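Each value in this text was obtained by applying a stated rule to the coordinates, not by laboratory testing. Just so it is clear, the model here is predicted, and its values are computed rather than measured. When we count neighbours, we look across all protein chains shown, and the Cβ atoms used for this are built from the backbone with ideal geometry, even at glycine.
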Amino acid sequence: MSEPRRKTTTGISYTDYIRSPAWRATRERYWQSKLPHECYCCGAARRPGMHLHHRTYKRLGAERLTDLVPVCPDCHDAVHRLHRDPIWRRRGLWATTNAVRKMRGGRFAAAQKHRALMESKGLQLKMSRRQKAARRGGTFTR
Ligand SMILES: [Zn+2]
Ligand SMILES: [Zn+2]
């Protein structure tokens, strides 16, 4: 998880940054935002000890909130363990994160799909009689 040699955009070390009020403020901003609060990899609901993981370190020290995703400690561990593998290191941190998400079932992805589906249903409030019948489990003549 720690990247001791990595420097932030402001020049302080990663470990110092993660302990800094600046990072605490960014984290606070994230949790206040409407961005997802569930674990990106397994879909676990937010609970104390939830981490914010960097999709990229490009803007470390001056992150955009969208550079971050919530992850539970378990998944966070898994991501950084996998990322230590040279192959995954080459593929990049975000690819690694998505690989773990896939392994963990990505319930979050399912939730997102579900939400999108509900929204699309909201936009098409009027179902055809045929769809309604199908939904009730009833039969309809073809
Ligand atoms: Zn998780
Ligand atoms: Zn991380």
Going from the fewest other Cβ atoms within 10 Å to the most, one would list Glu63, Glu28 as Glu28, Glu63
When Cys42, Cys75 are arranged by how many other beta-carbons sit within 10 Å of their Cβ, fewest first, they go Cys42, Cys75
For Asp67, the net charge from surrounding residues (Cβ-Cβ under 11 Å; K, R +1; D, E -1) works out to +3
Could you give the C-alpha radius of gyration of the stretch 14-105 expressed as a fraction of 2.2 N^0.38 Å, taking N as the number of residues it contains? 1.05
With 10 angstrom as the radius, rank Asp85, Asp67 by how many other C-beta atoms surround their C-beta, starting from the fewest. Asp85, Asp67
List the residues whose amide H sits under 5 Å from the amide H of His53, counting only those 5 or more places along or on another chain, with H placed 1.01 Å from N in the peptide plane. Val69, Val71
